[in-house]
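The values are calculated or read from the model by the stated rules, or taken from the named source; none is laboratory data. Note that this is a predicted model, so its numbers are computed, not measured. For neighbour counting, all protein chains shown are included, and Cβ atoms are generated from backbone atoms with ideal geometry for every residue, glycine included.
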């Protein structure tokens, strides 16, 4: 709620600057790309940790925690998070993949890693960097800022896939409605903050369910068993073909119901 850091944008900027500097020093190819990724990883980690520490120190002050305990907790949490994140990346790569190939015809969309890969291949590779496109992007960013629109938000909408942009648009519309749901600024802010917390829970819950689904699929593929049946292929139940034909509409209906639930629950918030 109080710490907003554009980590992905700052990391991409770091990668571009680092790649240009190292390329000028003579580094190129896979070795140079690895060096740039290592530097980018350190910068990305520092950005995310510093942003979270700001929040933790403030909350810790309210709850009576000491900086020593907070930092020990961060050290332990960093190790656990590194292990868990690495395991999830390996799991997703085995089950879904991140690039089209013989084993993964429909891989997971990975816009941020693909953007980083495009930057590294352009600067450190033989094809050359698309400096014209970078310049056009900079012009668009300046123009959007002059129009009062966040350049970072505009850029995210440009390179994120549509299946990720759609929830962002609906969430922005709900946030806009909540900000204007009352003439009392304090009440409107409380409702908006409640909606932000609920949306954050949806993001975390969706990520956990996605990891669980990948784990179940990995077990199914490895053991050649069926844990979660595909209802669209079970004709004996009678509604298999119906689900197959109307699955997208059912998903859209549930999606809209979730959005309406966020708005309704946030409207119930009161000012203390």
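Tabulated data for the structure shown
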| quantity | calculated |
| --- | --- |
| Candidate set: segment 40-84, residues that are without any contact (Cβ under 8 Å) to a residue 24 or more places away in the chain and touching a helix residue (DSSP H, G or I) at 6+ places or on another chain (Cβ under 6 Å); chosen: the one surrounded by the most Cβ atoms within 10 Å (Cβ to Cβ) | 56 |
| Of all residues making up segment 123-144, the number that are assigned to a helix (DSSP H, G or I) and touching a helix residue (DSSP H, G or I) at 6+ places or on another chain (Cβ under 8 Å) | 8 |
| For residue 170: the one exception among (1) in a helix (DSSP H, G or I); (2) in contact (Cβ under 8 Å) with a residue 24 or more places away in the chain; (3) over 30 Å from residue 137 (Cα atoms) | (3) |
| Hits in segment 218-232 (condition: in contact with a helix residue (DSSP H, G or I) (Cβ under 6 Å, 6 or more places away or on another chain) and under 11 Å from residue 244 (Cβ atoms)) | 231, 232 |
| Residue satisfying all of: in segment 181-195; part of a helix (DSSP H, G or I) and either without any contact (Cβ under 8 Å) to a residue 60 or more places away in the chain or touching a strand residue (DSSP E or B) at 6+ places or on another chain (Cβ under 6 Å) (or both); surrounded by the most Cβ atoms within 10 Å (Cβ to Cβ) among these | 188 |
| Answer residue from segment 94-107, given it is surrounded by 15 or more Cβ atoms within 10 Å (Cβ to Cβ) and within 30 Å of residue 134 (Cα to Cα) and is nearest to the chain's Cα centre (by Cα) among those | 98 |
| Test: residue in segment 104-119 that is in a helix (DSSP H, G or I) and at pLDDT 85 or above | no |
| Residue among 29, 51 that alone is at pLDDT below 85 and on the phi > 0 side of the Ramachandran plot | 29 |
| Unmet requirement for residue 176, which otherwise passes all of (1) within 26 Å of residue 85 (Cα to Cα); (2) modelled with pLDDT of 90 or more; (3) exposed (fewer than 12 other Cβ atoms within 10 Å of the Cβ) | (1) |
| Residue within segment 221-228 that is closer than 28 Å to residue 92 by Cβ, in a helix (DSSP H, G or I) and in contact (Cβ under 8 Å) with a residue 40 or more places away in the chain present | yes |
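Quick grid of which residues meet (1) surrounded by 14 or more Cβ atoms within 10 Å (Cβ to Cβ); (2) at pLDDT below 90:
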residue: 198; (1), (2): yes, no
residue: 213; (1), (2): no, no
residue: 225; (1), (2): no, yes
residue: 242; (1), (2): no, yes
residue: 267; (1), (2): yes, no
residue: 270; (1), (2): no, yes
